[in-house]
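The values are calculated or read from the model by the stated rules, or taken from the named source; none is laboratory data. All figures in this text were calculated on a predicted structure; none of them were measured in a lab. As a convention, Cβ positions derive from the backbone with ideal geometry for all residues, glycine included, and neighbour counts pool all protein chains shown. Accessible surface is based on the protein model in full, side chains and every heavy atom, while ligands, DNA and RNA are left aside. Shrake-Rupley method; radii C 1.70, N 1.55, O 1.52, S 1.80 Å.
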Number of protein chains: 2
Amino acid sequence: MATPDPGASDPQTPDPQTPDPQRPGFLLPLLLLAGFRTLIDDLHAELARQGHAELRPLHGFVLQAVGAEGTTASELGHRLGVSKQAAGKTVDRLVALGYLERVDDPHDARRKLVRLTPHGLDGLHRSAVIFDELRQRWVAILGAERVAALEDDLRTVTPANWFRLDVPGWFAG
Amino acid sequence: MATPDPGASDPQTPDPQTPDPQRPGFLLPLLLLAGFRTLIDDLHAELARQGHAELRPLHGFVLQAVGAEGTTASELGHRLGVSKQAAGKTVDRLVALGYLERVDDPHDARRKLVRLTPHGLDGLHRSAVIFDELRQRWVAILGAERVAALEDDLRTVTPANWFRLDVPGWFAG
DNA sequence: TAGCTTGGTCAACGTGGTTGACCAAACCGT
DNA sequence: ACGGTTTGGTCAACCACGTTGACCAAGCTA
């Protein structure tokens, strides 16, 4: 690593030229990511202001996936599209933060129910409210039709199974 | 293709079927993320088909950020919005994969230029082509005006500095 | 009862990020 | 010319989030 590498001559290009034409395809994913991250960043800035500074970007979706009724780690992994081990580790972290709790299932000694604590329920409700406010901010800027069209268009070009809408608990509370 | 989902995206239509009030704000970030990930997944499926199975989702943007002229790890971190250490580790991985190379800067013994190898250039060009094709696929589904409107709207609601358009090398080929 | 399936956990590892510390080279003001 | 500051790169430790594979206890079923 410390050995200098000879042979590199004339890497200097004082004239920054753009040889290729514009690639519009590169912008689309960036804009989608920017829109997503803008919402997420604003959400967590506001959540931190409201006493939930510990919540990481992913956690809100996990709380949403757990839902008011609770689930198991395996089912949670299925809902989130990750392995049960990954879901279990995420649950561990949220338990340590006080957002989730594990309780034994009296009907099945293998299962351990994952439930929202009051703190977790509070965070989930606040997330929903803040997301609604952020969407309203977009509506105020773009107009309701444009935002609705944006959502409709994205729903159209997105595989239907992306959201696992078949799984109960999503987007219902 | 577009499955009409009554009440899911229209806050003006009351849907007595759902117990809780609709939280439209939750859908917006998910749809944006779904659109982004759909593009990225399709890109990498196609890249793998074209001999770039090793490229991970992030790497295309890194290659784009490096650009044809090359940069340093610090500058790369600035462009990507991460620390110079993180950028350095990402460069390490891409060097190991044969997409980037490090050469000493003869004008400044501290700097180590990061440049695309021919393999990296090939991957970058293929990414650009595939992204363009994916955007064309969206245009075929939604129409050119809707896709353009979607991009315009996202640009409007996104902080201007998100893309670091001031930094040379971005989106210029 | 025997055997398969399911839910949870542990271990090892990979990727992508962070801070803090440190060093050498470059820059700059006296 | 010297000495202090800035800059570029690296190392180390750590964290979040994901993967496979192995394993075990409990439940289900032929």
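For the reader, a short list of remarks on this structure follows.
- Unmet requirement for A:HIS107, which otherwise passes all of (1) more than 30 Å from B:ALA65 (Cβ to Cβ); (2) part of a helix (DSSP H, G or I); (3) within 16 Å of DNA strand C (Cβ to nearest atom): (2)
- Whether a residue is under 30 Å from A:VAL147 (Cβ atoms), within 17 Å of the chain's Cα centre (by Cα) and free of Cβ contacts under 8 Å to residues at least 40 places away in the same chain was assessed, and B:ARG146 does not pass this test.
- Residues satisfying the stated conditions in the stretch B:21-78, i.e. part of a loop (DSSP other than H, G, I, E, B) and at pLDDT 90 or above: B:GLN50, B:GLY51, B:HIS52, B:ALA53, B:GLU54, B:LEU55, B:GLY67, B:ALA68, B:GLU69, B:GLY70, B:THR72
- Which numbered condition A:PHE131 misses (of (1) open to solvent by 70 Å² or more (accessible area, probe 1.4 Å); (2) under 18 Å from the mean Cα position of the chain (by Cα)): (1)
- Options B:HIS125, B:HIS119, B:HIS107: the member that is over 20 Å from B:HIS52 (Cβ atoms) and either within 21 Å of the chain's Cα centre (by Cα) or open to solvent by 70 Å² or more (accessible area, probe 1.4 Å) (or both): B:HIS107
- Identity of the residue in the stretch B:82-102, open to solvent by less than 10 Å² (accessible area, probe 1.4 Å) and within 12 Å of DNA strand D (Cβ to nearest atom), that ends up farthest from B:GLU69 (Cα to Cα): B:ALA87
- Selection count, the stretch B:75-88, where residues are over 19 Å from the mean Cα position of the chain (by Cα) and near DNA strand C (Cβ under 6 Å from one of its atoms): 1
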